[in-house]
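Peer 1: Sharing a structure with you now.
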Amino acid sequence: MPDFSSEAKMNLPAVVKCPTGIAGFDEITYGGLPCGRPTLVAGNAGAGKTLFAMEFLVRGATQFGENGVFVSFEESPDELAKNVASLGFDLHTLEEENKLVIEHIRIERSEIEETGEYDLEGLFIRLEFAIDSVGARRIALDTLESLFGGLPNEGILRAELRRLFRWLKSKGVTAVITAERGAEGTLTRHGLEEYVSDCVIVLDNRIVEQVATRRLRVVKYRGSVHGTNEYPFLIGENGFNVLPITSIGLDHDASTERISTGVPDLDEMLGGKGYYRGSSVLISGTAGTGKSSLAVAFAKAACERGEKVLYLAFEEAPRQILRNMRSIDIDLAPCLEKNLLKISAYRPTTYGLETHLAVIHKLVKELGPQVVIIDPITNFLAIGTNQEIKSMFTRLVDFLKGDGITSLFTSLTSGGGYEEATEVGISSVIDTWILLRDVEIGGERNRALHILKSRGMPHSNQVREFILSNEGIRLVDAYLGTAGVLTGSARLAQETRERATVLEREQEMESRRNALERRRQMKQAQIAAIEAEFAADEDEYNRMTAREGIRLKAVQTEREAMGRSRKSEEEKS
Amino acid sequence: MPGVNDERPENMTDEATDQAGDAEWELRLYVAGQTTKSITALANLKKLAEEHMHGKYHIEVIDLMQEPQRARTNEVIAIPTLVRKLPEPIRKIIGDLSDKERVLVGLELKERAGK
């Protein structure tokens, strides 16, 4: 994709643009319609051509100080005034203030006979008179092609139309010319695009599978870049609303602010701080895994911070959501009372996909929320193909990110498996993706949660058990065993087993300690016995020594006595 | 061919009214300045009126260059436009009135002329 912004700048001096004031339109055309030039607005009956032309004039007169002339070839001024009054345009006041002239040109074919040469000078004079009477800078011709029905000589008419557009350019008025869409793919029934070639816009009201979607496309814009897509638009109480939602740029700001998920345990898993502000969060899971509960918890947390939340519920009515969430200790009533939470509930099939986008866009612009929750996006599958939803979703995310809005989407994945691919293949635009799933162990289903990805932050790689109770949402530390994550009763059983094991070990240690003690005592007893034995031996020895001493003494005495006796014998001899 | 100027149409209408008296035919010719087509149309109209409604007609020439606001009155966009105000209903004939037959049909004079 080319760099639109720099090209737009480059082209700025070439074509001066005239802001229409139509919401969104000036953005896709980078400034509005070509100033002082005619623009062709083609579309089928009921596509909104008249309204587009009228809004261009009314906004010009009220917002840009450019007066206008509305030349109606079909509706009378009264009819026109009535038709646009519902959009908040007060034509009569504008006329009284000399800001707007409604020139009704009625051509009755049956009244007219054609004889010879003529021109449309009368039309020119009327236009000029009307333009000059209010100093108009803008003009709308609705529907110029009615002339083809009123005037039989097409040759003259075509020559005069060519002259008309030249004349309009020379007058320097910015003109909007409406035309009916022709058959077989031609832009207009009478080939007006041949004359108006500066800017061509096509309005469309297409019905696909019984759902109507209004779209606008800039077919051509000479000398200027423009968004080439079909843009959905709404006609609401404030007039036109074109949605410039495209995936043109990826230049939105990246906030470093972190906001709580509303579930402390989940914050903990996301680096202890929660989601990034302005990021996109996807919570996907099978039915009944608690997607909405997580979404609502986040909404509640945002409201408690004083932020505004837009909650688009496609499955439950607001009252039902309130009731159900009270059961897990989340009371949304205060948020609603403070006007911080807006729950917009409708069936996705109410509108076409593009209209949904338009409605969301409009709600966001009106409410100015910091958080948008869509629950669930998968319900769009009923009204569009995956590809369409993906495109819509990408545009939606880009739009929300561009406005710094944190978005949270839930996605219902089809059951029966562990799905890491969402139904609509939108993971690339998601910053934080939380996966909820069922774990079936031991005859019960429990919920498990893990974070599939979370860009730009450290996050837990654990699979945790996700518990919804009347005390709120808790994420229980997972038991990591051989059978993977264990939940519910299985987890409890495992925990019991674990406790038993610990106890067993403790007891074993105790008994070992006791055994040792016993052995120590035994050894000590043995030592005592040996010592006693030894002492006895020693005693014996001592006694023996003593006895020996006595004996020796006795021997000595005896010997001395003997000696004495021998000596006496020697002495004798 | 007589020129049509600012005064002439007025004079002419007066003249015509004088001739017609209480006009049965009230005709209004819208022109825008003195273009060839306008001049031709007026000449053709005068000739035809004299031939077919002598003394019973009144022609008013309106120059939209002078009075642009009057274009609204009879929903005029083509120039020249001849409007038959009377007899009713209103009929409009656009062009320089060079096709006499069609002018007569347009003025519903064909049958009258044929009578």
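What follows draws every value from the coordinates through simple rules; no lab data is involved. What you see is a predicted model, and the numbers here were worked out from it, not measured in a lab. No Cβ is skipped: glycine too gets one built from the backbone with ideal geometry, and neighbour counts run over all protein chains shown.
Peer 1: Using θ = phi - 60° and the Karplus curve 6.51 cos²θ - 1.76 cosθ + 1.60, what whole-Hz ³J(HN,Hα) does each residue of region A:180-194 get, with Gly and Pro shown as x?
Peer 2: Coupling constants for region A:180-194: 6, 5, x, 6, 6, x, 6, 5, 10, 5, 10, x, 5, 4, 5 Hz.
Peer 1: May I ask for the Kirkwood hydrodynamic radius of region A:29-87, worked out over all distinct Cα pairs and given in angstroms to one decimal? Provide the component values of the computation, followed by the final result.
Peer 2: Numbers: mean 1/r = 0.0784 Å⁻¹.
With all distinct Cα pairs of region A:29-87 included, I get 12.8 Å.
Peer 1: A further question follows. What distance in nm separates the two pseudo spin-label positions at A:ALA535 and A:ALA85, each 7 Å out from Cα along the beta-carbon direction?
Peer 2: 12.7
Peer 1: Could I ask something else about it? Rounded to the nearest 5, what is the percent of antiparallel bridges among the DSSP beta bridges in the protein assembly as shown? Walk me through the intermediate numbers first.
Peer 2: Numbers: 51 of 112 bridges.
Counting only bridges with both partners in the protein assembly as shown, antiparallel ones make up about 45 percent.
Peer 1: Which order results if A:ARG305, A:ARG214 are arranged by neighbouring Cβ count within 10 Å, fewest first?
Peer 2: Working: A:ARG305 12, A:ARG214 25.
Arranged by neighbour count, lowest to highest, A:ARG305, A:ARG214 become A:ARG305, A:ARG214.
Peer 1: Also: Going 7 Å from the Cα of A:VAL16 along its beta-carbon direction, which residues of region A:169-186 have the amide nitrogen within less than 16 Å of the resulting point?
Peer 2: Only A:169-175 pass the distance filter.
Peer 1: Continuing with this model, one more query. At a Förster radius of 56 Å, what calculated FRET efficiency corresponds to the Cβ-Cβ distance of A:ARG520 and A:LYS553, to the nearest 0.05?
Peer 2: Working: r = 48 Å, r/R0 = 0.86.
That gives a FRET efficiency of 0.70.
Peer 1: Would you grab the residues whose amide H sits under 5 Å from the one on A:GLU114? Only those 5+ places off in sequence or on another chain, please, with H modelled 1.01 Å from N.
Peer 2: Amide H neighbours of A:GLU114, under 5 Å, 5+ apart: B:ILE94.
Peer 1: Can you run the Rg to Rh ratio on region A:258-485? Use alpha carbon positions and the Kirkwood inverse-distance Rh.
Peer 2: Numbers: Rg = 16.6 Å, Rh = 17.7 Å.
Ratio of gyration radius to Kirkwood radius: 0.94.
Peer 1: Still on this structure, please answer the following. Just to be sure I understand the model, the point goes 7 Å from the Cα along the line to the Cβ. What's the resulting A:ALA333 to A:VAL476 distance in nm?
Peer 2: Placing both labels 7 Å along Cα→Cβ, they lie 3.1 nm apart.
Peer 1: Between B:LYS85 and A:GLN462, how high is the FRET efficiency from 1/(1 + (r/R0)^6) when r is the Cβ-Cβ distance and R₀ = 60 Å? Nearest 0.05.
Peer 2: Working: r = 93 Å, r/R0 = 1.55.
It comes out at approximately 0.05.
Peer 1: 5 Å is the cut-off here: which amide hydrogens, built 1.01 Å from N in the peptide plane, fall below it relative to A:ARG258, excluding neighbours closer than 5 in sequence?
Peer 2: Amide H to amide H, under 5 Å and 5 or more residues apart or across chains, A:ARG258 pairs with A:ARG277.
Peer 1: Based on the Cβ-Cβ distance of A:GLU444 and A:GLU366, what FRET efficiency does E = 1/(1 + (r/R0)^6) give at R0 = 30 Å, to the nearest 0.05? Before the final figure, lay out each step's value.
Peer 2: Working: r = 45 Å, r/R0 = 1.51.
After rounding to 0.05, the efficiency reads 0.10.
Peer 1: Hey, how many Å between the Cα centroid of region A:531-567 and the Cα centroid of region A:48-122?
Peer 2: Cα centroid of region A:531-567 versus Cα centroid of region A:48-122: 155 Å apart.
Peer 1: Moving to a separate point now. For A:ILE177, which sequence-distant residues (separation of 5 or more, or a different chain) have an amide H within less than 5 Å of its own amide H, given hydrogens modelled in the peptide plane?
Peer 2: A:THR39, A:LEU40, A:VAL41, A:LEU141
Peer 1: Please work out the Kirkwood hydrodynamic radius for region A:4-242, using every pair of different C-alpha atoms, and report it in angstroms with one decimal place.
Peer 2: Numbers: mean 1/r = 0.0550 Å⁻¹.
The answer is 18.2 Å.
Peer 1: Using the 10 angstrom Cβ neighbour count as an exposure proxy, how do A:HIS92, B:HIS58 rank, fewest first?
Peer 2: Working: A:HIS92 14, B:HIS58 23.
By the 10 Å Cβ count, ascending: A:HIS92, B:HIS58.
Peer 1: Give me P(r) over the protein assembly as shown, computed from all C-alpha to C-alpha distances, binned every 20 Å, as integer percentages.
Peer 2: Percent of Cα pairs in each bin: 14, 29, 21, 13, 8, 4, 3, 3, 2, 1, 1, 0.
Peer 1: Moving on. What distance in nm separates the two pseudo spin-label positions at A:ARG512 and A:LEU492, each 7 Å out from Cα along the beta-carbon direction?
Peer 2: Placing both labels 7 Å along Cα→Cβ, they lie 3.4 nm apart.
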